[in-house]
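Below: the structure, in structure tokens.
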Amino acid sequence: MLFAVFLLATLFLIANTAFAADEVKISLSTNDVTTYIGDSVTVDITILNNQLKSDTFSMSVFPSYWYGIRVDLQNNFVNIGARSNATTKIYFDTRSSEAIISPFTITVESINNKNFKDSGTFKLTVLRKSPVYVSDIKSNKYLVNPGEIISIDSYIKNTALASLGPFSIQTNVKYGDMLLKRFDDFIDIMPQGSIKKISNTYNFEKYASPGKYYIETIIKDDNNIVQSYKISDPITMNEISKLTKEKSISYGLISQTITIKVRNDGNTLASNFYITESVPQFAKNLFYPQIEPDKEEKKDIRVVYYWFVDRLMPGQEKAITYEIRSASIMIALIVLIVFVAIAFKFVFSPKIVKRVSHFGSLTRDKEIVVSIEARNNSRHEIKDVYVRDFVPSIVSLVERFGTIKPTIKRLEGGTELIWKIDSLKPFEERVLTYSVKPVVEIAGSLRLPKTRIIYLDKKKKRKVIASKSIWIRAK
């Protein structure tokens, strides 16, 4: 019935173009071909131009696709000289075809005069090499990303009037001509008229290339290929562009090492880009990269460094490592700590301060008032405190004391004064005073020696601290 419909259509076309048959005429190398699924068929077409001038002719085939049969023309247009002919080809691809008998109409038409055309009919019979064949291949996904999993179902059909088997089923996942994965399955018996589904799963790699992926199923009988069938709709892998950046820091005694890793986690080539890193401006002189940056610039209070990366293949990684060497900072910090410790010890420890009150000339009738401040600036109580002072013989002691009276010892060269204090609590202070007079008039200056404080600290260790000497100038 199908063949009859196409035959009537062809006769109608021929009847309408008969009057122009003398201007252009076509002939086919064959009008009837029988082939098998998976084979290719080529038909030669000879076009005769009977005009007295050259002309260009367009070519068309109806239908251009029919039940999996693909039709391709060698030339869509053919230029032929006056009263000359030319030969071109038509290709029929049956790799995805079913078993069918189908007519095709080939039409040639002048592009200068639509009335000058001719048609011919070609019948193609496609047979199966085996009653057991792959009727279809299906996937649950036809658009995927790297790392995704697809399921592949191949349907094997037996059209024979008897059970057949055994058969080996080979399913291939291919990218172009590259075989990525092969699955091998076995069917022991195919009952009459049955359909069996062969299921497999394929996990695309993390960096699977973008493009078209094909599924192919091959049926084998004793290692002989019965049929090879490729999925009609390929699986498309999306193009993914993805750069990931990781930063790690390791600490040394006087430095820290920073590593920056940039990895192409996409499935396509990453073109030129920069790896950037910034440090405070004060750290610029502490910055020591393993690979010198390609450029640097100041932004606000930071310095930004740039490393140029030409390109990264999928899965490829680029690492930049630099050090911040803080030796000078550490030395400065140590000095600061020592200074603070010394200052702390100086500030928060017992003190002895000696002062005098005197104005004018240094004569025998003028008293000089001496005050001694004994302070416990520490955070702990000190005990068995002795304050010892010495009055040189150039002055005489006025035995009048404003606070505690000391023990007085006459010594060679002067007089020793000793005050005994049982304890001084944290931040407690005692003021001791006495007066002296010069024994002779002093025209220059008078020096009073240091005063010492002797005490037991919290660890019961004897400590001694001295004040400064005092110089008194006559005015």
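The values are calculated or read from the model by the stated rules, or taken from the named source; none is laboratory data. All values reported here derive from a predicted model rather than from experimental measurement. We place every Cβ from the backbone using ideal geometry, glycine too, and count neighbours over all the protein chains shown.
Overview of results
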{"item": "Every residue from region 261-306 that is in a strand (DSSP E or B) and of a type in the set (Val, Ile, Thr)", "result": "Val262, Ile275, Thr276, Val279, Val303, Val304"}
{"item": "Residue selected from region 340-398 under the condition polar (S, T, N, Q) and not in a strand (DSSP E or B), by the criterion nearest to Glu416 (Cα to Cα)", "result": "Ser393"}
{"item": "Qualifying position, being free of Cβ contacts under 8 Å to residues at least 60 places away in the same chain, out of contact with any Cys (no Cβ under 8 Å at 6 or more places or on another chain) and either farther than 30 Å from Gln192 by Cβ or among the hydroxyl-bearing types (Ser, Thr, Tyr) (or both), among Thr125, Thr87, Thr121, Thr107", "result": "Thr87"}
{"item": "Unique match (being closer than 30 Å to Pro131 by Cβ and either surrounded by 13 or more Cβ atoms within 10 Å (Cβ to Cβ) or at pLDDT 85 or above (or both)) among Val43, Val78, Val24", "result": "Val43"}
{"item": "Evaluation of Arg263 against (1) surrounded by fewer than 16 Cβ atoms within 10 Å (Cβ to Cβ); (2) in contact with an Asp or Glu (Cβ under 7 Å, 6 or more places away or on another chain) (one fails), failing number", "result": "(1)"}
{"item": "Selection count where residues are under 20 Å from Asn112 (Cα atoms) and outside any strand (DSSP E or B), scope region 27-81", "result": "8"}
{"item": "Residues being surrounded by fewer than 19 Cβ atoms within 10 Å (Cβ to Cβ) and under 15 Å from Leu73 (Cα atoms) - total across region 89-101", "result": "3"}
{"item": "Test: residue in region 341-357 that is in contact with a strand residue (DSSP E or B) (Cβ under 7 Å, 6 or more places away or on another chain), more than 24 Å from Asp457 (Cα to Cα) and of a type outside the set (A, V, I, L, M, F, W, C)", "result": "yes"}
{"item": "Out of Leu456, Leu432, sole residue that is touching an Asp or Glu at 6+ places or on another chain (Cβ under 6 Å), of a type in the set (A, V, I, L, M) and closer than 29 Å to His380 by Cα", "result": "Leu456"}
{"item": "Region 404-429 residues that are outside the structural domain of His380 (by TED's automatic domain parsing), paired with ones that are of a type in the set (Phe, Trp, Tyr) and assigned to a strand (DSSP E or B) (beta carbon under 8 Å, 6 or more apart)", "result": "none"}
{"item": "Search result, residues across region 82-113 that are in a loop (DSSP other than H, G, I, E, B), under 57 Å from the mean Cα position of the chain (by Cα) and among the hydrophobic types (A, V, I, L, M, F, W, C)", "result": "Ala99"}
